[in-house]
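Colleague: Starting off with a structure, shown below.
Every read-out reported here was derived from the displayed coordinates using simple, explicitly stated rules and does not represent laboratory data. All values reported here derive from a predicted model rather than from experimental measurement. Cβ: placed from backbone, ideal geometry, glycine included. Neighbour counts: every protein chain shown.
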């Protein structure tokens, strides 16, 4: 599971086009600490010095292109937590073994927010346990706040489900429902609608003193989904 980040994510943008670098750096202002490189050689050098949370790598560059640079970066001790390729067209060779995902240029600010979220797959928003639109709406469009709240939610989920299980075993149903409502409230700010719904359904069954095995399993599965997307 991904650890709890207390500092802004450290992002490296690698693109030989100055306009692209300026746009991406400006779009990420306030959301991450951004470093830029204008070719693959410079990217490799920077990655030997710093472990970046995210590297956005253009595939087509003079000198050392994105694919060649990725081959040199992958074995590094400081290799980035995520290495994502950027391309205006479909890559002409398999790159899945080198990159954690591929995004199509030009990128929107909303796409960048998704990439910054360490609990979402780089390019797999469809199967994400987070509703990006709902999360941004809840936080007033503040992507940095949204990412922080999601990290806090994942942190709390490392202990709360076990506490709920113990409370249920001990017959302390009030404590279990309190923790479930705490999770549901946090999930609502994070756009984690599946988790919110599962937590509230589980709590409702406990309150009604009805059989709740199905709801408990659904809740556990929702928690597991979040952890799977935080790896």
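Colleague: Quote to one decimal, in nm, the extra length available between residue 217 and residue 169 on full extension: 0.36 nm per residue of separation minus the C-alpha distance between them.
Modeller: 15.8 nm
Colleague: State the Kirkwood hydrodynamic radius of the stretch 17-93 in Å, one decimal place, computed from all pairs of distinct Cα atoms.
Modeller: One over the average 1/r among Cα pairs gives 12.8 Å for the stretch 17-93.
Colleague: Then there is this: Residues in the stretch 141-160, backbone N under 12 Å from the label point at residue 109 (7 Å along the Cα-to-beta-carbon vector): list them, ranges by number please.
Modeller: Backbone N within reach: 141-144.
Colleague: Treating only the Cα positions of the chain as identical point scatterers, give the base-10 log of I(q)/I(0) from the Debye formula at each q in 0.18 Å⁻¹.
Modeller: Computed log10 I(q)/I(0) values: -1.22.
Colleague: Hey, another quick one. Take the chain, connect every pair of alpha-carbon atoms lying under 10 Å apart with a spring to form a Gaussian network, then pick out the residue of 185, 135, 171 with the largest mean-square fluctuation.
Modeller: Maximum among the listed residues: 171.
Colleague: When the chain is treated as a GNM, springs tying every alpha-carbon pair under 10 Å, which of 143, 30, 66 comes out with the largest mean-square fluctuation?
Modeller: Result for the chain, Cα springs under 10 Å: 30 fluctuates most.
Colleague: Now for a different question. Let's test this: bin the Cα-Cα distances of the stretch 150-228 at 5 Å from zero up to the farthest pair and state each bin's percent.
Modeller: 3, 17, 31, 28, 14, 5, 1
Colleague: Each label point is 7 Å from the Cα along the Cα-to-Cβ direction; what then is the distance between the points at residue 144 and residue 76, in nm?
Modeller: Between residue 144 and residue 76, the simple spin-label model gives 2.5 nm.
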